1. Condition first: in contact with an Asp or Glu (Cβ under 7 Å, 6 or more places away or on another chain), over 21 Å from D48 (Cα atoms) and surrounded by 24 or more Cβ atoms within 10 Å (Cβ to Cβ). Can you find one or more residues in region 149-171 that meet it?
2. Looking at region 323-346, which of its residues are surrounded by fewer than 24 Cβ atoms within 10 Å (Cβ to Cβ) and hydrophobic (A, V, I, L, M, F, W, C)?
3. Kindly list, by first and then second residue, each pair from a residue in region 1-14 that is of a type outside the set (V, I, T) and part of a strand (DSSP E or B) to a residue that is modelled with pLDDT under 95 and surrounded by fewer than 24 Cβ atoms within 10 Å (Cβ to Cβ), limited to pairs with Cβ atoms under 9 Å and residues at least 6 apart or on different chains.
4. Where residues in region 186-236 are of a type in the set (F, W, Y) and either closer than 26 Å to I316 by Cα or free of Cβ contacts under 8 Å to residues at least 40 places away in the same chain (or both), which of them is surrounded by the fewest Cβ atoms within 10 Å (Cβ to Cβ)?
5. Quick one: is E429 surrounded by fewer than 18 Cβ atoms within 10 Å (Cβ to Cβ), among the charged types (D, E, K, R) and part of a helix (DSSP H, G or I)?
6. Might you let me know whether region 21-40 holds any residue that is under 18 Å from the mean Cα position of the chain (by Cα) and surrounded by fewer than 24 Cβ atoms within 10 Å (Cβ to Cβ)?
7. Among the numbered criteria (1) in contact (Cβ under 8 Å) with a residue 24 or more places away in the chain; (2) of a type outside the set (K, R); (3) within 26 Å of K113 (Cα to Cα); (4) surrounded by fewer than 23 Cβ atoms within 10 Å (Cβ to Cβ), which one does P177 miss?
8. Report whether or not E269 is surrounded by fewer than 16 Cβ atoms within 10 Å (Cβ to Cβ) and either over 26 Å from G167 (Cα atoms) or modelled with pLDDT under 95 (or both).
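The values are calculated or read from the model by the stated rules, or taken from the named source; none is laboratory data. Just so we're clear, the structure is a prediction, and the values are computed from it rather than from any experiment. Neighbour counts run over all protein chains shown; Cβ positions are idealised from the backbone, glycine included.
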Amino acid sequence: MTEVGIDAVEIWTGKLTLDLANTFAPAKGEDPEKYTKGLGLNASSFPDTYEDIVTMGANAAHRLMEHEGLEPEDIGRIDVATESAFDNSKPVSTYIAGCLEEVFEGEFSHANKGERKFACVAGTQSIDDAYNWIKAGRHRGRSALVIATDTALYARNDPGEATQGAGAVAMLISEDPDLVSLSTEQGYGSADETDFLKPNQQFPSVDGKRSVQVYLARMREALEDFESVAGRVTAEDFAYGPFHTPFPGMVRKAALFAYRHMTRDTAIEDELAEEIGRQPREEAFDNDSEYEDALREYMDGLKRTESYREWYARVIDPTLTISRNVGNWYTGSVHLARTSALKTAFDEGRDLAGERLLVGSYGSGAQAEIHAETVQNTWEEKIDDLTIDEQIERRYDLSFEEYERVHDVHNHAIETEHDGEIEEFTAPESEFVFGGWGRMGERKYRFIE
């Protein structure tokens, strides 16, 4: 059976950065550890004044196509996942295709183009669409280009402000992939929720506490559903567990619940029983309150055990390295987590060929999806092409006053143009940039050599 999966990946981070400990926290009068330890974030990425979801997505896709030696005729569909779209009719994929046609010979007139929306899970759903398109034999030998691109901005002084971020992840979905192949089995957890939403508004409305609860509940349902078709999942089955990462602190919560689930009725639970007792079973309690109290006590003990700490350091922590320094990328965050894990293994010289990843995607509103991925023999050369470390290093470090200014530039409700030009913080080079407005109010783009 022909395998389908991610053949190559490229990342483009916003070219500005806000240091949370040294710039954001002092301006807010907060303890820096509220962000670095509580949220698990060091810095956020922001788009420069000439960047947006189109330029970041197009730049990531351009770089990927150049690395892979691809031309438009090699791509049969372009799917963009975003929750930062600025048009309710015309998909972002058409803008990105138009950008790419400026620098490549040929056109994407033959390519199916679309835009996916389901909060942060839409990037994974776009991969699913491409997978199914190829498996159905409708691709005519072509690959799919999936781009997750977002400016995850919050209103000023919103509790979520410190988790902001901006960037794009471009992925090539193909037969016989060089990076990871995707499992046929998937698991879902879905419910009608209002934990995070944008009802015809740019900045989200968020019930933070509720959002964490919904995230954990849907992830648990998705894992149980995955096991119903793929068999029991245990703590030693996977090399890494990339989760949707709005901020690393949320992943810490999800990982603890996952570890408890995967060690239940196993030798690991038996070994831990001497230290913290066995996991509470709901049927052993007279009411939900007593069961939940016992469960909280067990979880508090579990996270302090050497067994859990070792597993977390080996399987989860490497997925968070990039996110700690760029913040939340909405649809791109779980794909950053996967890339972060593979890059950590590459940097450490670890042989991952044949190892598996358990990928947990999530979108508010709400749906989680879990599937497995198998690392291919050629994975290292694909990860070696990445330049994310260099991109992070050369970002412009914003002062708080500059952060306020660039936030206003990207606030659709505020007019910030000066004599037709917008002040830039960095100089664009070999990239697409926002080039002004067209006659019908459309955004225009150009490539800077």
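1. Looking through region 149-171, none of the residues is in contact with an Asp or Glu (Cβ under 7 Å, 6 or more places away or on another chain), over 21 Å from D48 (Cα atoms) and surrounded by 24 or more Cβ atoms within 10 Å (Cβ to Cβ).
2. Correct list: A345, F346.
3. Here the result reads A8/D385; E10/D385, each pair linking region 1-14 to a residue that is modelled with pLDDT under 95 and surrounded by fewer than 24 Cβ atoms within 10 Å (Cβ to Cβ).
4. To start, the set of residues in region 186-236 that are of a type in the set (F, W, Y) comprises 188, 196, 203, 215, 226.
Now drop any that are not either closer than 26 Å to I316 by Cα or free of Cβ contacts under 8 Å to residues at least 40 places away in the same chain (or both), which leaves 188, 196, 215, 226.
Values: Y188: 15, F196: 23, Y215: 27, F226: 24.
Step by step, filter region 186-236, then rank; the result is Y188.
5. Numbers: surrounded by fewer than 18 Cβ atoms within 10 Å (Cβ to Cβ): yes; among the charged types (D, E, K, R): yes; part of a helix (DSSP H, G or I): no.
Spelling it out, it is not the case that E429 is surrounded by fewer than 18 Cβ atoms within 10 Å (Cβ to Cβ), among the charged types (D, E, K, R) and part of a helix (DSSP H, G or I).
6. At the first step, the residues of region 21-40 found to be under 18 Å from the mean Cα position of the chain (by Cα) are 39-40.
If we keep only those that are surrounded by fewer than 24 Cβ atoms within 10 Å (Cβ to Cβ) too, we end up with 39-40.
Checked against the condition, which is being under 18 Å from the mean Cα position of the chain (by Cα) and surrounded by fewer than 24 Cβ atoms within 10 Å (Cβ to Cβ), region 21-40 yields at least one hit.
7. The one condition P177 does not meet is (4).
8. On the way: surrounded by fewer than 16 Cβ atoms within 10 Å (Cβ to Cβ): no; either over 26 Å from G167 (Cα atoms) or modelled with pLDDT under 95 (or both): yes.
Criteria not met by E269.
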